[in-house]
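Please read the structure below before turning to the comments.
The values are calculated or read from the model by the stated rules, or taken from the named source; none is laboratory data. Given the structure is predicted, the values throughout are model-derived calculations rather than measurements. Glycine gets a Cβ as well: all are built from the backbone with ideal geometry, and neighbour counts include every protein chain shown.
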Amino acid sequence: MALLEYKCPNCGGAIRFDPGTQEMSCPYCRSEINVEALKEMDEEMAKDQGPETVDWGYHGGGWGKGEQQGMAVYACNTCGGEIVGDETLGATSCPFCGTPVVMTSKFAGTLRPDMMIPFKLGKDAALAALQKHYIKKKLLPKVFKDRNHLDEIKGVYVPFWLFDADADAHIEYKATKIRNWSDSNYNYREESVFHVVREGGIGFSQVPVDGSRAIDDTMMESIEPFTMGETVDFQSAYLAGYFANKYDVDAAESASRANERIKNSTTSEFAKTVTGYNTVTAKSTNIKLKSGGVHYALFPVWLLSTRWREQKFVFAMNGQTGKFVGDLPLDKGAYWRWFFMIFGIVAAAMFTVLQMNPELFFNMANSAMRTVYKIIES
């Protein structure tokens, strides 16, 4: 298994990609090396078309059935230490000497990404985003910030499939217009029903789908969008100092999720054109997709994990835009205190309305309850 290790041409120390300068940086002599200068190593990697072999690094007793499945062992060229990972591992750092390494065969031949987005935000930005994420949550237990333990923070190049497609849609809606009026004797309500048809096409370019089983698809979609205009041609130098996986969900398997996203977006965009009605309900939807191609890319993501009361909480930050997502624990005591406090304020106001206008009271009551829940859950 061939490994690439990027060395400083001035002092020989291990260098890594710095998102701040967008150059290769040496932490020892402070040298900066242009990424473009390392293209020769990428060209060597692109020529590595041979079959992938794995040195299991064990020559004693025999392996049990299935024990080697999904496992790979690599030898660091700098210190000789063994790097153990799964078969999708494409870039990491040696746990013994800290040298950033890239497993060339993981990105060679048909596995080579078409494009990538380099990290623009570093570890400090991810930690700052986590602290900001804490501050915004009203119902976060007070002891969480003090007693939690940040188990891990790592920059990962996540494999994505990018799908191009054209969608032709024919959608029919039932729409209504409602008019209310009254005279001295009666209240009137007129409801007009309309059959609305929308037909047309929408083109979609580079719809992303996460190609790694180990990373939650919903979380990856939550940190979108990535700015596709900032993609660059793949270069292994950008991987130095970060983790990277090759895909283990292929394009064919990912296509169903891409199709679902495209159809949902088509439905949403068409619905926006049906305006001027009181109610709109889709009665029939027919969407046909025509594939426009697929591309393989690596996108930058900061993954953070922390524990509190034996629970693990995982957060993700878009390494390009800084968008941050993740669930936090809920202080149930604080939840109910907020609920009863807000409910009490609303109830007092509603009591006054009840005495003045009973009909208005019931309409406001339904709206108020929805508002209470939104305030508490924010």
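If we keep just the residues of segment 221-250 that are among the hydroxyl-bearing types (Ser, Thr, Tyr) and not in a loop (DSSP other than H, G, I, E, B), which is nearest to the chain's Cα centre (by Cα)? Show your work before the answer.
We begin by selecting, within segment 221-250, every residue among the hydroxyl-bearing types (Ser, Thr, Tyr); these are 222, 227, 231, 236, 238, 242, 247.
The next check asks that each one be not in a loop (DSSP other than H, G, I, E, B); those that pass are 222, 236, 238.
Working: 222: 5, 236: 22, 238: 20 Å.
So, considering only residues that are among the hydroxyl-bearing types (Ser, Thr, Tyr) and not in a loop (DSSP other than H, G, I, E, B), the one nearest to the chain's Cα centre (by Cα) is 222.
Grab the strands (runs of 3 or more DSSP E) fully contained in segment 278-356, keeping just those with 3 or more residues being at pLDDT 90 or above, within 30 Å of the chain's Cα centre (by Cα) and outside the structural domain of residue 167 (by TED's automatic domain parsing). Before the answer, list the steps.
On the way: elements: 279-308, 311-318, 324-326.
In segment 278-356, there are no strands (runs of 3 or more DSSP E) which contain 3 or more residues that are at pLDDT 90 or above, within 30 Å of the chain's Cα centre (by Cα) and outside the structural domain of residue 167 (by TED's automatic domain parsing).
Tell me the residue from 218, 176 that is in a strand (DSSP E or B) and surrounded by fewer than 18 Cβ atoms within 10 Å (Cβ to Cβ), please. Before the answer, list the steps.
Details: 218 fails: in a strand (DSSP E or B).
None of the other options fit; the residue is 176.
Return the only residue of 259, 185 being more than 20 Å from the chain's Cα centre (by Cα), farther than 30 Å from residue 313 by Cβ and outside any strand (DSSP E or B).
Values: 259 fails: more than 20 Å from the chain's Cα centre (by Cα).
Of 259, 185, the one residue that is more than 20 Å from the chain's Cα centre (by Cα), farther than 30 Å from residue 313 by Cβ and outside any strand (DSSP E or B) is 185.
So that you can scan it fast, the table gives a plain yes or no per residue for (1) surrounded by 17 or more Cβ atoms within 10 Å (Cβ to Cβ); (2) within 30 Å of residue 169 (Cβ to Cβ); (3) among the β-branched types (Val, Ile, Thr); (4) touching a helix residue (DSSP H, G or I) at 6+ places or on another chain (Cβ under 6 Å):
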| residue | (1), (2), (3), (4) |
| --- | --- |
| 255 | yes, yes, no, no |
| 266 | yes, yes, yes, no |
| 270 | yes, yes, no, no |
| 309 | no, no, no, no |
| 316 | yes, no, no, yes |
| 319 | yes, no, no, no |
| 326 | yes, no, no, no |
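Any idea how many residues of segment 156-182 are within 30 Å of residue 314 (Cβ to Cβ) and of a type in the set (Asp, Glu)? If you could, list the steps in order and put the result at the bottom.
Quick first cut of segment 156-182, residues within 30 Å of residue 314 (Cβ to Cβ) only: 156-163.
This time we only want the ones that are of a type in the set (Asp, Glu), so: none.
Counting residues in segment 156-182 that are within 30 Å of residue 314 (Cβ to Cβ) and of a type in the set (Asp, Glu) gives 0.
Only one of these is more than 19 Å from residue 119 (Cβ to Cβ) and in the same structural domain as residue 210 (by TED's automatic domain parsing): 256, 236. Name it. Step through it out loud before you land on a result.
On the way: 236 fails: more than 19 Å from residue 119 (Cβ to Cβ).
Just one listed residue meets the conditions, 256.
Which of the residues belonging to segment 188-215 are part of a strand (DSSP E or B) and of a type in the set (Val, Ile, Thr)? Let's see the steps before the verdict.
From segment 188-215, those part of a strand (DSSP E or B) are 188-210; that's our starting set.
Listed by number, the residues that qualify are 193, 196, 197, 202, 207, 209.
Consider residue 274 carefully, then state whether it is within 26 Å of residue 217 (Cβ to Cβ) and surrounded by 15 or more Cβ atoms within 10 Å (Cβ to Cβ).
Working: within 26 Å of residue 217 (Cβ to Cβ): no; surrounded by 15 or more Cβ atoms within 10 Å (Cβ to Cβ): yes.
No; evaluated as a whole, the condition is false for this residue.
Taking segment 204-230, which residues are of a type in the set (Val, Ile, Thr) and closer than 15 Å to residue 163 by Cβ?
In the first step, residues of segment 204-230 are kept if they are of a type in the set (Val, Ile, Thr); the result is 207, 209, 215, 218, 223, 227.
Across segment 204-230, the qualifying residues are 207, 209.
Among (1) in contact with a helix residue (DSSP H, G or I) (Cβ under 9 Å, 6 or more places away or on another chain); (2) closer than 19 Å to residue 193 by Cβ, there is one condition residue 281 misses while meeting the rest; what is its number?
(1)
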